[in-house]
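The values are calculated or read from the model by the stated rules, or taken from the named source; none is laboratory data. All values derive from a computational prediction rather than experimental measurement. Heads up, the Cβs are rebuilt from the backbone with ideal geometry, glycines too, and the neighbour counts pull from every protein chain shown.
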Amino acid sequence: MKFLSRAVKVIKRTKSVKSIRFEKPEHFSYLPGQWTFLIFGDGPERIMKPLSFSSSPTEDHLEVTKKLTGLRFSELIDDLEVGDTLSLDGPYGSFSFLGEHDKVCMLSGGIGITPLRSMIKFCTDKKTSTDISLLYSNRNEDEIPFYDDLMPMQRANPRLVVNMTITNPSPAWRGLSGRLNGEMIKSTVPQWAERIYYVSGPQPMVESMTALLEEIGLDPSQIKHEYFSGYNRSNAGEELVG
């Protein structure tokens, strides 16, 4: 479904991450975890990228979130103002969760949190019975997209546990540190072997996490993933898609 929508709010999540909220068309529906094309311009000048919805279907707006990389699409996102109208084309994707599993673990790195935030918000609002454990990795504690969103959700949802790990922590950081690894999963995720895993992030991270999960004994059928294929393998921070 292709449609026009007006930006109603711009949110600076971190120094390098922005969320754009759009009006939600009356009859538009999507699943938590799905994505849309965001389209600037028309004809030969058109620029479009797929972005996961960071909003939940339970919310009265649509929201997409982008890491600003300095490339042209990021510049257009950064210049967006309330009242601007853009074309969206969606929803697409099969990476979704509606609470159909009893226990899940969500693994994410950086801006890969966006579809998982959508799922977590949906389950929190719907008060599903799913036991959700989130392990979320970022480079430093000042650049954690949705930190101020996830922590209140954890307080509101007794079935949600959020653990964050920082790969380059400051001396003041009191949480987990280092990259996601098998021992971290086993020590922080109760009944880790019984869960369905949702993995989202840059392609190299998702591939390494998928291999790691299989190495520690999980069946491939327990692993669902979404990777943002626009990441450059030589610099996973340069995300072009997602």
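Residues of region 158-197 being among the polar types (S, T, N, Q) and more than 28 Å from THR128 (Cβ to Cβ), which ones?
Passing the criteria: THR167, ASN168, SER170, SER177, ASN181.
Results for (1) at pLDDT 95 or above; (2) farther than 30 Å from PRO158 by Cβ, shown as yes or no for each residue.
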{"position": "LYS2", "(1), (2)": "no, yes"}
{"position": "ALA7", "(1), (2)": "yes, yes"}
{"position": "LYS24", "(1), (2)": "yes, no"}
{"position": "SER29", "(1), (2)": "yes, no"}
{"position": "PRO32", "(1), (2)": "yes, no"}
{"position": "PHE37", "(1), (2)": "yes, yes"}
{"position": "GLU81", "(1), (2)": "yes, yes"}
{"position": "LEU86", "(1), (2)": "yes, yes"}
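Which residues, taken from region 20-48, are surrounded by 21 or more Cβ atoms within 10 Å (Cβ to Cβ) and of a type in the set (Gly, Ala, Ser)?
Once the filter is applied, which keeps residues that are surrounded by 21 or more Cβ atoms within 10 Å (Cβ to Cβ) and of a type in the set (Gly, Ala, Ser), region 20-48 yields only GLY33.
Determine which single condition GLU143 fails, assuming it passes every other condition in (1) part of a helix (DSSP H, G or I); (2) out of contact with any Gly (no Cβ under 7 Å at 6 or more places or on another chain).
Every listed condition holds for GLU143 apart from (1).
Here are some residues: LYS121, LYS127. Which one is out of contact with any Pro (no Cβ under 9 Å at 6 or more places or on another chain) and farther than 22 Å from GLU207 by Cα?
Going through LYS121, LYS127 in turn, just one is out of contact with any Pro (no Cβ under 9 Å at 6 or more places or on another chain) and farther than 22 Å from GLU207 by Cα: LYS127.
(1) at pLDDT 95 or above; (2) outside any loop (DSSP other than H, G, I, E, B): which one isn't true of PRO44, the others all being true?
Result: PRO44 fails condition (1) only.
Just to check your reading of the model, which residue among SER29, SER5 is part of a strand (DSSP E or B) and on the phi < 0 side of the Ramachandran plot?
Result of the check over SER29, SER5: SER5.
Tell me which residues, restricted to region 95-136, are of a type in the set (S, T, N, Q) and in contact (Cβ under 8 Å) with a residue 60 or more places away in the chain.
SER96, SER108, THR114, SER118, SER133
Pick out the one residue from ILE39, ILE20, ILE77 that is under 26 Å from PHE122 (Cβ atoms), touching an Asp or Glu at 6+ places or on another chain (Cβ under 9 Å) and free of Cβ contacts under 8 Å to residues at least 60 places away in the same chain.
Going through ILE39, ILE20, ILE77 in turn, the sole match is ILE39.
I'd like the residue in region 49-78 that is small (Gly, Ala, Ser) and within 14 Å of the chain's Cα centre (by Cα) and, out of all such residues, is surrounded by the most Cβ atoms within 10 Å (Cβ to Cβ).
SER52
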